[in-house]
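Engineer: Let me begin by handing over the structure; questions about it come next.
The values are calculated or read from the model by the stated rules, or taken from the named source; none is laboratory data. Fair warning: this is a prediction, and the values are worked out from it, not measured in the lab. Backbone-built Cβ (ideal geometry, glycine too); neighbour counts: all protein chains shown.
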Amino acid sequence: MINDADPKPSDFIQFVELHCQLDEKAGIVLRSKIREQAYKKGDILVEKGKICNKIYFLNTGLVKTLFSTDSREFIMRFFSEGNVFSVLDSFIEQKPSIYDIVALEDSTVSYILYDDLQTLCHEYHQIETFYRKLLSMAVIEMMSRVGHSLEETGIVAYNRFLKNQGHLLQRISLADMASYLGITQVSLSRIRRVK
């Protein structure tokens, strides 16, 4: 939800403080609600059909958000270290997710649970401000992604990826990259040969 060109926060609290100044008490209480978990490559963090009740911060590793049908997988986004992610519609409405989030590498995350975040938002205006800004950033990012996907050719989309997330290129499979770009692996290979 943040631009990969921006300086990376080292932990969840630092990410929050990039967007909202916490007073000492709010910071202490927020820290007490943040938990950590490790995942192996291929593990599912959020499973389609289940409610996403966490907002995650990626400490180490790489994950993808995807939508799948019986015949095809559509990758919505890759998240690397220093990014916050979730399935926000599922999180906000506490309804089953239509997306999966899968670890592409061994990964460690910090996270806050839905109920804890709601309580903190009621008690601390600064945390509510952070949550509002987080939702705003997510909407802007989603609108940008949809807008670009509607008007870009494969080569333009690939060049945009290189510009914004090129550092991830060696960490992502060709199949995942093609799915993210909305093109076939054959087309992706052709584009890469021209580069």
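Engineer: Could you check region 62-84 and list, in sequence order, the residues that are out of contact with any helix residue (DSSP H, G or I) (no Cβ under 9 Å at 6 or more places or on another chain) and under 18 Å from Ile112 (Cα atoms)?
Structural biologist: Within region 62-84, Val63, Phe79, Glu81 meet the criteria.
Engineer: Here's a follow-up. Would a scan of region 97-105 turn up a residue that is closer than 19 Å to Ala175 by Cβ and free of Cβ contacts under 8 Å to residues at least 40 places away in the same chain? Lay out the reasoning, then the answer.
Structural biologist: Just the residues of region 97-105 that are closer than 19 Å to Ala175 by Cβ, to begin with: 99-105.
Add one more test, that the residue is free of Cβ contacts under 8 Å to residues at least 40 places away in the same chain, and what stays is none.
No: region 97-105 contains no residue that is closer than 19 Å to Ala175 by Cβ and free of Cβ contacts under 8 Å to residues at least 40 places away in the same chain.
Engineer: Look at Glu141 and say whether it is closer than 30 Å to Ser32 by Cα, assigned by TED's automatic domain parsing to the domain that holds Ser68 and at pLDDT below 85.
Structural biologist: Working: closer than 30 Å to Ser32 by Cα: yes; assigned by TED's automatic domain parsing to the domain that holds Ser68: yes; at pLDDT below 85: yes.
Answer is yes for this residue.
Engineer: Restricting the first residue to region 17-38 and requiring it to be free of Cβ contacts under 8 Å to residues at least 24 places away in the same chain, which pairs with a second residue that is part of a helix (DSSP H, G or I) and of a type in the set (S, T, N, Q) meet a Cβ separation below 9 Å and a spacing of at least six or different chains?
Structural biologist: Matching pairs, first to second residue: Gly27/Gln126.
Engineer: Here are the criteria: (1) at pLDDT below 95; (2) under 29 Å from Lys163 (Cβ atoms); (3) β-branched (Val, Ile, Thr). Tell me which single one Val87 does not satisfy.
Structural biologist: Of the numbered conditions (1) at pLDDT below 95; (2) under 29 Å from Lys163 (Cβ atoms); (3) β-branched (Val, Ile, Thr), the odd one out for Val87 is (1).
Engineer: Among (1) among the β-branched types (Val, Ile, Thr); (2) modelled with pLDDT of 95 or more; (3) under 28 Å from Leu162 (Cα atoms), there is one condition Thr69 misses while meeting the rest; what is its number?
Structural biologist: Result: Thr69 fails condition (2) only.
Engineer: Let me ask you something else. Yes or no: region 51-62 includes at least one residue that is touching a residue at least 60 places away in the same chain (Cβ under 8 Å) and more than 22 Å from Ile127 (Cα to Cα).
Structural biologist: yes
Engineer: Still on this structure, I have one more. Since Leu174 meets every condition but one in (1) within 18 Å of the chain's Cα centre (by Cα); (2) within 30 Å of Ser189 (Cβ to Cβ), which condition does it not meet?
Structural biologist: Looking at each condition in turn, Leu174 falls short on (1).
Engineer: Now a separate question. Count, please, the residues in region 109-137 that happen to be within 14 Å of the chain's Cα centre (by Cα), of a type outside the set (Phe, Trp, Tyr), under 17 Å from Glu17 (Cα atoms) and crowded, with 17+ Cβ neighbours inside 10 Å.
Structural biologist: Count: 2.
Engineer: While we're here: Among the listed residues Leu104, Leu113, Leu117, which satisfies the condition of being assigned by TED's automatic domain parsing to the domain that holds Leu30, under 29 Å from Val194 (Cβ atoms), at pLDDT 95 or above and aliphatic (A, V, I, L, M)?
Structural biologist: Step by step, each of Leu104, Leu113, Leu117 is checked, and only Leu104 is assigned by TED's automatic domain parsing to the domain that holds Leu30, under 29 Å from Val194 (Cβ atoms), at pLDDT 95 or above and aliphatic (A, V, I, L, M).
Engineer: Now for a different question. Output the residue which, of all residues in region 76-89 that are of a type in the set (A, V, I, L, M) and crowded, with 21+ Cβ neighbours inside 10 Å, is farthest from Arg132 (Cα to Cα).
Structural biologist: Val87
Engineer: Working only within region 6-16, note down all residues that are without any contact (Cβ under 8 Å) to a residue 12 or more places away in the chain and assigned to a helix (DSSP H, G or I).
Structural biologist: Quick first cut of region 6-16, residues without any contact (Cβ under 8 Å) to a residue 12 or more places away in the chain only: 6-7, 14.
Across region 6-16, the qualifying residue is only Gln14.
Engineer: Report yes if some residue within region 23-46 is in contact with a Cys (Cβ under 8 Å, 6 or more places away or on another chain) and either under 17 Å from Tyr111 (Cβ atoms) or modelled with pLDDT under 95 (or both); otherwise report no.
Structural biologist: yes
Engineer: Any residue in region 162-181 that's more than 18 Å from Arg72 (Cβ to Cβ): show its pairings with residues that are surrounded by 14 or more Cβ atoms within 10 Å (Cβ to Cβ) and of a type in the set (Asp, Glu) at Cβ separation under 9 Å, as long as the two are six or more apart or on different chains.
Structural biologist: Asn164/Asp4; Gln165/Asp4; Gly166/Asp4; His167/Asp4; Leu168/Asp4; Arg171/Glu105
Engineer: Could you list all residues from region 17-56 that are within 15 Å of the chain's Cα centre (by Cα) and outside any loop (DSSP other than H, G, I, E, B)?
Structural biologist: Those that are within 15 Å of the chain's Cα centre (by Cα) and outside any loop (DSSP other than H, G, I, E, B): Ile44, Leu45, Val46, Lys54, Ile55, Tyr56.
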